[in-house]
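Step one of this worksheet: look at the structure below.
The values are calculated or read from the model by the stated rules, or taken from the named source; none is laboratory data. Only a predicted model underlies this, so the values are computations on that prediction, with no experimental measurement involved. Because the Cβ atoms are built from the backbone with ideal geometry, glycine has one as well, and the counts that use them run over all protein chains shown.
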Amino acid sequence: MAAEQVFPVPKVFASTSWVAPVRNIVVLLVLWEIAGRFHLVAGGALPSLTAIGERFWADRADYPPHVWSTLVSSTLGFVIGNIVAIAAGMSFVLSPLAARLFRGFNVSIFAVPTIAIAPILALTMTGISPRVTLAAIGCYFVTMTATVVGLTQIDLRSADLVRAYGGGKWDVMRFVQLRSALPTILAGLQVAAPNAVLGAILAEFGGGGRWGLGTYLLGSLGRADPPRLWGIGLAATAIAGIAYFTLGLISARVTG
């Protein structure tokens, strides 16, 4: 009897599809460490991973309030922005007139750089409102577009069946369009999650608050400490990545 029949090899080890990605990541990290240790990039602007880790550990007490502030702002913006986006997408599908009236607004939201809106919000709002607003703006266009696309790509026979039984626009929306659009909307939410984090951090640059990763990063710029700056940047990247993959898991779970 073959050895693999006596001791079955787990599928994760039997498959080699994971080898290449892991190898590439290891090679990238090794090259990063070498480049950082020997100051091969811009005279030390890219520090080694060990230097970043050491600085992160030394600053570990600073991170919780900053991370928490960014999480609160980005989460509120994510919720508010996506509620508005889904409601807007539904109204645009139900009313072509509304879609035409708000076309310019939607294009403006998409075209104007987020970094250009941040100072205006900081001047006109107080507290965490600029951060929440910019996070919501970062979510709006992505989710609104996903909602419109999902609601318009439906099985027309199902819609005709609802109408045949006396259903109106809202009945078609409820029983056909929303159910059909769910995977697309969830995909939009997944993409919007990192946008909310980015929007909150950009607003923190000029928001005047005490806490937040953006505030922490801005306050560290003048200290000529690349490991700290990279640590803050990687922390922000980790939050955005976790948000993206969490929404991906939820989407996969809901849609099966």
**Asked** Looking at segment 188-203, is at least one residue buried (at least 18 other Cβ atoms within 10 Å of the Cβ), over 15 Å from the mean Cα position of the chain (by Cα) and either at pLDDT below 85 or hydrophobic (A, V, I, L, M, F, W, C) (or both)?
**Response** yes
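With respect to residue 159, is the statement that it is farther than 24 Å from residue 109 by Cβ, at pLDDT below 90 and crowded, with 18+ Cβ neighbours inside 10 Å true?
Answer is yes for this residue.
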**Message:** Taking the conditions exactly as written (assigned to a helix (DSSP H, G or I), on the phi < 0 side of the Ramachandran plot and out of contact with any strand residue (DSSP E or B) (no Cβ under 9 Å at 6 or more places or on another chain)), does residue 47 satisfy them or not?
**Reply:** no
**Request:** Look at residue 126 and say whether it is of a type in the set (S, T, N, Q) and surrounded by fewer than 24 Cβ atoms within 10 Å (Cβ to Cβ).
**Result:** yes
**Message:** Within segment 98-117, does at least one residue satisfy the condition of being among the hydroxyl-bearing types (Ser, Thr, Tyr), in contact with a Gly (Cβ under 8 Å, 6 or more places away or on another chain), surrounded by fewer than 22 Cβ atoms within 10 Å (Cβ to Cβ) and within 20 Å of residue 243 (Cα to Cα)?
**Reply:** yes
**Close pairs from segment 102-121: first in contact (Cβ under 8 Å) with a residue 24 or more places away in the chain and closer than 22 Å to residue 90 by Cα, partner of a type in the set (S, T, N, Q) and crowded, with 17+ Cβ neighbours inside 10 Å, Cβ under 9 Å, at least 6 apart** = 106/145; 110/145
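State the number of residues belonging to segment 178-230 that are part of a helix (DSSP H, G or I) and acidic (Asp, Glu).
Number of matching residues: 1.
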**Complete:** When residue 206 is run through (1) of a type outside the set (Asp, Glu); (2) modelled with pLDDT of 85 or more; (3) touching a helix residue (DSSP H, G or I) at 6+ places or on another chain (Cβ under 8 Å), the failure sits at (2)
**Fill in**
By residue number, the members of segment 42-95 that are surrounded by 15 or more Cβ atoms within 10 Å (Cβ to Cβ), hydrophobic (A, V, I, L, M, F, W, C) and under 29 Å from residue 29 (Cα atoms) are 46, 49, 51, 52, 56, 67, 71
